[in-house]
Amino acid sequence: MTYDATYFDSPELAAARRLQRAGQWDTALALLPDGHTATALRADILVDRHMWRLDPVDDALAAIDAVRGAQPKLAVFLTAQLEYWRRLFGGVGPALGGDPVEEFASVVDHAPLAGWAAFWRAVTLENLHKDPVGAAEGYAHAHPLAQAGSDLLLESYVVRHQGAQLCEKGEKERGVALLRRSLHLRAACGARPHVAAAQATLAGSLGSVPEAEELRAIAASVAHELDLTWLKPQV
């Protein structure tokens, strides 16, 4: 995931980016023009699709290799995302890169990626290194960067994790408020897979109430429609 504005400002790439956000990755790829202008977005779409579907990683790696010469920081950033997911889901297959925390840290000074790199470093600290304090500091750093860049999707991810941390600390009211904000921000972006994930997360924090069951049902429906592997209910 990278900043939307990079692609929304391009008439050639905007439609594909919007389809990507809607979870229509294959259609988005089919719309991309030939040539170098679409190379970075192609890599971003394929990494994004892998994140949601956990499909074979080969196409994403090949697309990253295609941008490595011209945009080495982007290549590091996208590869670190793939390695994060590989480790999160049990480390299946050979390593794709080094420690994602260090890889994301190496690009936080790169302006186009600064906010997302700060966020990914934080979530990796939380989920892989089991360092909630370091993660909280990272989210606090990424939040103003998201707001300064008017990146609603990035802000949605930051406040989702901040909200979850508050719920874990027993501050449920404040935490749930942030989880709701995350859901609303994602809806404003037209980001359907992300909305479904936010619905599932909010449902998990609400307890046994009718709203939670409704949110789970809606998220499950979208997960099946878009083939969002890890969001599908476990049978």
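The values are calculated or read from the model by the stated rules, or taken from the named source; none is laboratory data. All of these numbers come straight from a predicted model, not from anything done at the bench. FYI the Cβ positions are ideal-geometry reconstructions off the backbone, even for glycines, and counts take in every protein chain you see. For accessibility, only protein heavy atoms count, side chains too; no ligands or nucleic acids. Shrake-Rupley method; radii C 1.70, N 1.55, O 1.52, S 1.80 Å.
Determine the distance separating the Cα centre of region 6-50 from the Cα centre of region 106-172; give it in Å without decimals. Their Cα centres are 24 Å away from one another. When peptides 119-125, 228-234 are ranked by their average number of other Cβ atoms within 10 Å per residue, the highest-first order is 119-125, 228-234.
When the solvent-accessible surface of protein heavy atoms is calculated with a 1.4 angstrom probe, in what order do His141, His36 fall, highest first? Don't skip to the answer; put the middle values down first.
Values: His141 105, His36 155 Å².
In descending accessible area the options line up as His36, His141.
Net charge dipole, region 71-141: roughly 180 debye, given to the nearest 20, about the Cα centre with Cβ charges of +1 for Lys and Arg and -1 for Asp and Glu. About its Cα centre, region 137-225 has a charge dipole of approximately 40 debye under the convention of +1 per Lys or Arg Cβ and -1 per Asp or Glu Cβ, with nothing else charged. Taking the average, over residues, of other Cβ atoms within 10 Å as the packing measure, peptides 101-111, 152-162, 201-211 rank 152-162, 101-111, 201-211 from highest down. Of Val92, Val57, Val195, the residue with the greatest mean-square motion in the GNM of the chain, using alpha carbon springs below 10 Å, is Val92.
Add -39500 (n - 2.57) for each DSSP H run of 4 or more in the chain, then divide by its residues: what number comes out at 222 nm, to the nearest 500 deg cm²/dmol? Mind dumping the intermediate values first?
On the way: 13 runs with 165 residues, N = 235.
About -22000 deg cm²/dmol.
So, with a 1.4 angstrom probe, what is the percent of accessible area on the chain that is carbon and sulfur? Answer for the chain is 56 percent, counting heavy atoms of protein chains only. Of the listed values (i) 1.14; (ii) 1.00; (iii) 0.95, grab the one calculated as Rg/Rh (Cα atoms, Kirkwood Rh) from the structure here. The calculated read-out lines up with (iii). Largest GNM mean-square fluctuation across His224, His50, His194, computed for the chain with C-alpha springs under 10 Å, falls on His224.
Work out the length of the dipole vector of region 1-153 about its Cα centre, built from +1 on the beta-carbon of each Lys and Arg and -1 on the beta-carbon of each Asp and Glu, and round it to the nearest 20 debye. Before the final figure, lay out the partial values.
Working: 12 positive and 20 negative charges, 38 e Å.
So the dipole magnitude of region 1-153 works out to roughly 180 debye.
Given the options Ala60, Gly90, Ile218, identify the residue whose Cα lies farthest towards the positive end of the charge dipole of the chain (+1 on Cβ of Lys, Arg; -1 on Cβ of Asp, Glu). Positive-most Cα among the choices belongs to Ile218. Per residue, the solvent-accessible area of the chain (1.4 Å probe, heavy atoms of protein chains only, all protein chains present) comes to 46 Å². Find out how many positive minus negative residues lie around Leu183, taking Lys and Arg as positive, Asp and Glu as negative, among other residues whose Cβ is under 14 Å from that of Leu183. Cβ neighbours under 14 Å give a net charge of +3.
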